[in-house]
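**Q** Sharing a structure below in structure tokens format, with a few things to ask.
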Amino acid sequence: MHIVVCIKQVPDSAQIRIHPVTNTIMRQGVPAIINPFDLFSLEEALRLKDKVGARVTVLTMGPPMAETSLRKALSLGADDAVLLTDRKFAGSDTLATSYALTSAIQKLAEEEPVDIVFCGKQTVDGDTAQVGPGIATRLGFEQLTYITKIEDLNTASKEIVVQRRSEGGVQVLKTKLPCMITMLEGTNTIRFGKMDDLFRAARYELKTWSRDFTGAEEGRVGLKGSPTVVSKVFVPKPRAEKAKMIEAAPNPSGDTPDAMAAAAIDAIFAAQPKLAGDLLARAAAGL
């Protein structure tokens, strides 16, 4: 079984700078880490490796400095790592990124078919949650998002059973491989790397692939292949209004929470004079 885990190196904390012309994130000189959401998917892939003996390949697209994140993944127990790096990838939006990663996964599949692709739920710098589903769509894989637990994986029948969080509760899904999985945060505990894996990660000869090597079309990656346009980037101005403290004396029954709730509702209607009329109109219309 071959598992590919897509990770992304993201800027650490709030030290993010925006390019004034291209409106893209400037990553040079900014401390970087593995996207926290990706770590949960990486850990789940490593658990499947421990259980069924899978081979885990870690894949990322980014500048040469992303090598650090790949070696971190190797130190945790991944078997192989591929860095997809080329100046022609610069400025890729989620559409172009999913295309570039798909091209790399297809290249990996030429050596050994890919059974599962893991992605993080989303990235902390983009927050779109679009790349994983985009990869699944391009590959024609079953798409399992917001997964909280992998209940069973049958390598003989190529079937997987998972739990998925939904608005109404938990869904139990069963599907055939190959598939793409995004794990939710907090679904597992990230392991510590073993000493042998730490040494192997340091000595590992990293695979570095360019656009030409993967066969990705030039017009479908980078800024040329990114239809998303950021019209403006700005820092929100702090609001001048201050929070109001509502104090209410206990009513005759001593029910202070009810009195405070009534006072809060009165304050809302006082601040929004049209609200009462709008609510009455909606009630009359049966909305």
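The values are calculated or read from the model by the stated rules, or taken from the named source; none is laboratory data. Note that the structure is a prediction, hence the values are computed from the model and not measured. With ideal geometry, Cβ positions are generated from the backbone for all residues, glycine too; neighbour counts draw on all protein chains shown. Heavy atoms of the whole protein, side chains included, go into the accessibility calculation; ligands, DNA and RNA do not. Shrake-Rupley method; radii C 1.70, N 1.55, O 1.52, S 1.80 Å.
**Q** Return the pair list, or none, for Cβ contacts closer than 6 Å from residues in segment 40-62 that are closer than 19 Å to SER157 by Cα to residues that are at pLDDT below 95 and open to solvent by less than 20 Å² (accessible area, probe 1.4 Å), at least 6 apart or on different chains.
**A** Note: pairs meeting the criteria are LEU48/ALA54.
**Q** Could I ask something else about it? Looking for something of a type in the set (Val, Ile, Thr), more than 25 Å from LYS107 (Cβ to Cβ) and either open to solvent by 40 Å² or more (accessible area, probe 1.4 Å) or within 20 Å of the chain's Cα centre (by Cα) (or both) - is there at least one such residue anywhere in segment 154-163?
**A** Yes, some residue in segment 154-163 is of a type in the set (Val, Ile, Thr), more than 25 Å from LYS107 (Cβ to Cβ) and either open to solvent by 40 Å² or more (accessible area, probe 1.4 Å) or within 20 Å of the chain's Cα centre (by Cα) (or both).
**Q** Right, something else. Kindly establish whether VAL10 is hydrophobic (A, V, I, L, M, F, W, C), modelled with pLDDT under 90 and under 21 Å from VAL82 (Cβ atoms).
**A** yes
**Q** Scan segment 188-200 residue by residue and report those that are within 24 Å of the chain's Cα centre (by Cα) and open to solvent by 50 Å² or more (accessible area, probe 1.4 Å).
**A** Matches in segment 188-200: THR189, ILE190, ARG191, PHE192.
**Q** Going by what's in this entry, would ALA156 be described as over 28 Å from PRO11 (Cβ atoms) and outside any strand (DSSP E or B)?
**A** yes
This table checks each residue for (1) of a type in the set (A, V, I, L, M); (2) surrounded by 12 or more Cβ atoms within 10 Å (Cβ to Cβ).
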{"residue": "GLY186", "(1), (2)": "no, no"}
{"residue": "ALA202", "(1), (2)": "yes, no"}
{"residue": "LYS207", "(1), (2)": "no, yes"}
{"residue": "LYS237", "(1), (2)": "no, no"}
{"residue": "ALA240", "(1), (2)": "yes, no"}
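**Q** With (1) open to solvent by 30 Å² or more (accessible area, probe 1.4 Å); (2) touching a strand residue (DSSP E or B) at 6+ places or on another chain (Cβ under 7 Å) as the list, and MET180 as the residue in question, which single condition is left unmet?
**A** Every listed condition holds for MET180 apart from (1).
**Q** Do you know which residues across segment 164-177 are of a type in the set (A, V, I, L, M, F, W, C), open to solvent by 50 Å² or more (accessible area, probe 1.4 Å) and under 26 Å from THR102 (Cβ atoms)?
**A** LEU173
**Q** Just give me the residues in segment 125-153 being open to solvent by 70 Å² or more (accessible area, probe 1.4 Å) and either among the aromatic types (Phe, Trp, Tyr) or closer than 22 Å to ASP79 by Cβ (or both), in sequence order.
**A** Passing the criteria: only TYR146.
**Q** Here is a follow-up. Residues in segment 105-124: is at least one hydrophobic (A, V, I, L, M, F, W, C), closer than 22 Å to ARG211 by Cβ and open to solvent by 30 Å² or more (accessible area, probe 1.4 Å)?
**A** Yes, segment 105-124 has at least one match.
**Q** Is it fair to say ASP93 is among the acidic types (Asp, Glu), buried (at least 17 other Cβ atoms within 10 Å of the Cβ) and over 20 Å from GLU43 (Cα atoms)?
**A** For ASP93, the condition - among the acidic types (Asp, Glu), buried (at least 17 other Cβ atoms within 10 Å of the Cβ) and over 20 Å from GLU43 (Cα atoms) - is met.
**Q** Also, I was wondering about something else. Cβ-Cβ distance below 6 Å, separation of 6 or more or different chains: which pairs start in segment 189-202 with a residue that is closer than 17 Å to VAL58 by Cα and end on one that is open to solvent by 50 Å² or more (accessible area, probe 1.4 Å)?
**A** Close Cβ pairs (under 6 Å, with a partner that is open to solvent by 50 Å² or more (accessible area, probe 1.4 Å)) amount to ALA201/ARG71.
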